[in-house]
Amino acid sequence: MTRFSELMSGQTLLPIIQADTPEQGVKIAQAMANAGLTLVEVVLRTDASLDALKAIKEQVPALKVGAGTVINTDILEQALAAGADFIVTPAVSPQLLAALTKCNVPVLPGVSNTGDILMALEYGFEEQKLFPASLAGGAPFVSAVSSVFRAASFCPTGGVSEQNKMDYLSLNNVFAVGGTWIANKEWVAQENWQAITDSCIQALK
């Protein structure tokens, strides 16, 4: 199984797309691809999310496109059927983790405390998403668990911004950060796709 970090190929930003329509999702994804990004996460939070994921894969083939906000096995099956290149969850449970171990694509399970981290490790997931990072203890928490859970590495998401991303990325047990700040809702509403491209370029520096 390919590790999630290997799929990212050194990209330290996991850009999150929340789209109200497939067309909007494609526009956001194209703007991100124009910045040099090769991988994006479509969060399954709207009725159009799965169609947006399919449309992005079809119309922006240079991108690896994964599904986020996978909270149960039904959604997991739908995401995989839609062609998701990877799976991201906001939380974990024994039932969900058991299903995730059977996936044939990379998985990034979401954790928010030491119990979650241990449970995900017990199911074989060393790479984990800390969510919501800012409320789960932020960079100090990630630093504190490094000596206890030496096999675990993290992609903090939730409350991560251009201003604090290096607080996380400077830590040895962080391989990337995830965020929505690079696709501001106002820019999307205004169809200011260049602003998204510029923000992504800045975030990759």
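The values are calculated or read from the model by the stated rules, or taken from the named source; none is laboratory data. None of the values given here were measured: they were computed from a predicted structure. Here the Cβ positions follow ideal geometry from the backbone for every residue, glycine too, while neighbour counts run over all protein chains shown. Only protein heavy atoms, including side chains, enter the accessible area calculation; ligands, DNA and RNA are left aside. Shrake-Rupley method; radii C 1.70, N 1.55, O 1.52, S 1.80 Å.
Summary table below
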{"quantity": "Any chance Glu127 is touching a strand residue (DSSP E or B) at 6+ places or on another chain (Cβ under 6 Å) and among the acidic types (Asp, Glu)", "calculated": "yes"}
{"quantity": "Any chance Ala120 is touching a helix residue (DSSP H, G or I) at 6+ places or on another chain (Cβ under 8 Å), in a helix (DSSP H, G or I), free of Cβ contacts under 8 Å to residues at least 60 places away in the same chain and crowded, with 17+ Cβ neighbours inside 10 Å", "calculated": "yes"}
{"quantity": "Among (1) farther than 27 Å from Ile56 by Cβ; (2) in a helix (DSSP H, G or I), the one test that Ser134 misses", "calculated": "(2)"}
{"quantity": "Members of the range 133-169 that are under 17 Å from the mean Cα position of the chain (by Cα), of a type in the set (Gly, Ala, Ser) and open to solvent by 40 Å² or more (accessible area, probe 1.4 Å)", "calculated": "Ser134, Gly159"}
{"quantity": "Scan of the range 170-189 for residues that are assigned to a helix (DSSP H, G or I) and open to solvent by 50 Å² or more (accessible area, probe 1.4 Å), ordered by number", "calculated": "Lys185, Glu186, Trp187, Ala189"}
{"quantity": "Hey, Pro109 open to solvent by less than 40 Å² (accessible area, probe 1.4 Å), touching a residue at least 12 places away in the same chain (Cβ under 8 Å) and under 24 Å from Gly10 (Cβ atoms) or not", "calculated": "yes"}
{"quantity": "Any chance Ala31 is buried (at least 22 other Cβ atoms within 10 Å of the Cβ), out of contact with any strand residue (DSSP E or B) (no Cβ under 8 Å at 6 or more places or on another chain) and either on the phi > 0 side of the Ramachandran plot or among the aliphatic types (A, V, I, L, M) (or both)", "calculated": "yes"}
{"quantity": "Residue check for Thr101: open to solvent by 50 Å² or more (accessible area, probe 1.4 Å), modelled with pLDDT of 95 or more and within 26 Å of Ser170 (Cα to Cα)", "calculated": "no"}
{"quantity": "Residues of the range 4-37 satisfying the condition of being of a type in the set (Ser, Thr, Tyr) and closer than 17 Å to Gln202 by Cβ", "calculated": "Thr12"}
